[in-house]
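Some notes on the structure that comes next.
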Amino acid sequence: MHYRGGAPVLWRSPDTIQVGSSRGTVVCGLSAREQRFLSSLPEFISPESVRADARAAGLTTAQARSVLGRLRQVGALVPGHLPTAQDEVYWERVADLPQERTRALRRGVVALVGNGGLTGPIARLLARCAVGTVLLRDPTAQDLVKELEDLGVRTTTPRRLPDLVLTVEGQVIDPLRARRLSQLAHLPVTCGETAVRVGPLLGPQASLCVTCLGLWEREADPDWPNLATQLRTLPAPVMESLLSQQAAALAVRAATDVLTGRGPIWLGRSVELSALDPVGLERLWDPHPECVCSQVTGAPPSEAPDPAPAQLGDQEAEAPGAVSGTAGAPPDTAGAPPGTPGAVSGTPGTPGTVPRPTGPALSPGPGAPGAPSAQPGRTPGA
């Protein structure tokens with residue numbers, strides 16, 4: 001056995017120790033000999049080391065086993081050896097069975113759609129995080145495909161739908177593609193001129209859809225449908241290199257959350273990053289009351305070996321005036337007191353720390369100047 005995540009043993013008071021720092025487990029009622037014994041244990045605690053260290057600390061073997069039993073009961077000691085992979089060491093500190101998490105990632109299939117500047121950084125980080133299969137829809141990304149294969153990542157898969165489709169969107173979410181993906185877990189990453197928005201997670205488990213996002217946009221700006229139609233024809237904007245890496249890391253964080261069963265924290269939630277607000281602006285989204293998405297069940301997607309072009313990919317022209325989702329910059333809620341409807345947390349936080357709004361509205365685009373504020377008495381649709 002070993003201390004969870006290789007945690008240090010810290011002295012707190014004459015009869016109290018703490019195992020670990022930021023998520024430390026406090027153990028009280030210990031004698032000085034017991035404290036000395038616990039502090040002297042090696043990284044891997046074997047029966048032989050227990051006997052030797054107990055003798056050195058002046059304890060009997062039975063006394064040593066008793067105090068170790070107390071630590072096992074509170075989860076400070078776990079069986080086996082300390083993991084060798086650094087990610088598993090970290091996840092052992094915050095959750096059980098980190099090896100199961102790694103196996104879930106290796107089984108995972110992520111389809112990465114888009115050809116903007118974020119595609120490469122996201123794909124490489126997915127590989128570094130042990131995601132087993134990354135499907136690329138960009139036909140010009142042959143060098144990237146080879147790079148991923150050299151890292152041991154599969155870039156094709158047998159007849160199986162992806163566990164997650166991650167789309168890198170320029171300016172606005174493609175609503176037609178999003179509707180085709182409505183029966184798959186879909187994470188949009190939307191690149192505006194000055195900000196990048198990750199989320200919210202869409203798909204069968206989500207209570208809102210891309211139409212909801214567009215309707216909130218329209219409530220903030222009645223001319224939004226006209227703007228969205230034009231923005232869809234524009235190329236993805238050039239992005240600051242540091243913001244690109246930060247946004248890619250957040251997108252991969254969300255993707256690995258989905259693959260390892262933590263996806264629900266991204267349902268109805270997005271985080272927007274910019275160089276001017278690098279800590280990130282978290283927003284919670286509700287279904288729009290005018291949208292019937294919660295009452296309609298889409299047809300199941302057809303099985304395909306890879307995300308089919310007709311299902312994932314090629315953007316299609318949209319009728320003028322159609323409502324599209326986008327990475328909207330939030331209305332100005334600076335100075336709103338905590339708990340005020342519409343007040344938005346500045347950092348990604350614990351689920352439930354940001355009040356879920358019940359009304360409209362989003363501003364025109366991520367970080368767009370001149371974004372209209374929410375109407376008085378109405379909470380932002382975030």
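The values are calculated or read from the model by the stated rules, or taken from the named source; none is laboratory data. Here the structure is a predicted model, which means the values were calculated and not measured. With ideal geometry, Cβ positions are generated from the backbone for all residues, glycine too; neighbour counts draw on all protein chains shown.
Residues in the range 126-147 that are over 19 Å from Ala104 (Cβ atoms) and of a type in the set (A, V, I, L, M): Leu136, Ala141, Leu144, Val145.
Just checking, how many residues over the range 169-194 are within 18 Å of Leu259 (Cβ to Cβ) and in contact with a helix residue (DSSP H, G or I) (Cβ under 6 Å, 6 or more places away or on another chain)? Residues flagged as within 18 Å of Leu259 (Cβ to Cβ) and in contact with a helix residue (DSSP H, G or I) (Cβ under 6 Å, 6 or more places away or on another chain) within the range 169-194 amount to 3.
Those residues that are in a helix (DSSP H, G or I), of a type outside the set (A, V, I, L, M) and within 17 Å of the chain's Cα centre (by Cα), I need them from the range 107-124; list them, please. Passing the criteria: Thr119, Pro121, Arg124. Being buried (at least 21 other Cβ atoms within 10 Å of the Cβ) and at pLDDT 90 or above, is that true of even one residue in the range 230-243? Within the range 230-243, none of the residues are buried (at least 21 other Cβ atoms within 10 Å of the Cβ) and at pLDDT 90 or above.
If the condition is being in contact (Cβ under 8 Å) with a residue 24 or more places away in the chain and in contact with a helix residue (DSSP H, G or I) (Cβ under 6 Å, 6 or more places away or on another chain), then the range 257-270 contributes Leu259, Thr260, Gly263, Trp266.
All conditions but one from (1) assigned to a helix (DSSP H, G or I); (2) closer than 20 Å to Pro14 by Cβ; (3) touching a residue at least 24 places away in the same chain (Cβ under 8 Å) apply to Asp87; the one that does not is (2).
Remark: pairs (first residue in the range 1-29, in contact (Cβ under 8 Å) with a residue 12 or more places away in the chain; second residue aromatic (Phe, Trp, Tyr) and surrounded by fewer than 18 Cβ atoms within 10 Å (Cβ to Cβ); Cβ separation under 8 Å; 6+ apart in sequence or on different chains) = Met1/Phe44; His2/Phe44; Gly5/Tyr90; Ile17/Trp11. When the test is whether a residue is at positive phi, in the same structural domain as Thr260 (by TED's automatic domain parsing) and surrounded by 15 or more Cβ atoms within 10 Å (Cβ to Cβ), Gly114 passes it. Looking at Arg106, Arg128, Arg101, Arg154, just one residue is in contact (Cβ under 8 Å) with a residue 40 or more places away in the chain, of a type in the set (D, E, K, R) and either out of contact with any His (no Cβ under 7 Å at 6 or more places or on another chain) or not assigned by TED's automatic domain parsing to the domain that holds Leu250 (or both), and that residue is Arg101.
Of all the residues that make up the range 34-59, how many are in contact (Cβ under 8 Å) with a residue 24 or more places away in the chain and over 20 Å from Ala7 (Cα atoms)? Qualifying residue count for the region: 3. Within the range 212-229, being surrounded by fewer than 22 Cβ atoms within 10 Å (Cβ to Cβ) and closer than 17 Å to Arg283 by Cα holds for one residue alone: Glu219.
Condition first: farther than 25 Å from Glu219 by Cβ, buried (at least 22 other Cβ atoms within 10 Å of the Cβ) and at pLDDT below 90. Can you find one or more residues in the range 303-314 that meet it? Yes - at least one qualifying residue is present in the range 303-314.
Search the range 203-243 for residues being part of a helix (DSSP H, G or I) and within 13 Å of Gly192 (Cβ to Cβ), and hand back the single one that is farthest from the chain's Cα centre (by Cα). Before you say what the answer is, go through the steps one by one.
First, the residues of the range 203-243 that are part of a helix (DSSP H, G or I): 210-220, 224-231, 241-243.
The next check asks that each one be within 13 Å of Gly192 (Cβ to Cβ); those that pass are 217, 227-228, 231, 243.
Values: Glu217: 24, Leu227: 29, Ala228: 26, Leu231: 26, Leu243: 17 Å.
Among those residues, the one meeting the criterion is Leu227.
Taking (1) modelled with pLDDT under 90; (2) out of contact with any Gly (no Cβ under 6 Å at 6 or more places or on another chain) in turn, Arg137 satisfies each apart from (2). Annotation: Val94 fulfils all but one of (1) surrounded by fewer than 14 Cβ atoms within 10 Å (Cβ to Cβ); (2) closer than 25 Å to Asp257 by Cβ; (3) touching a strand residue (DSSP E or B) at 6+ places or on another chain (Cβ under 9 Å); the unmet one is (3).
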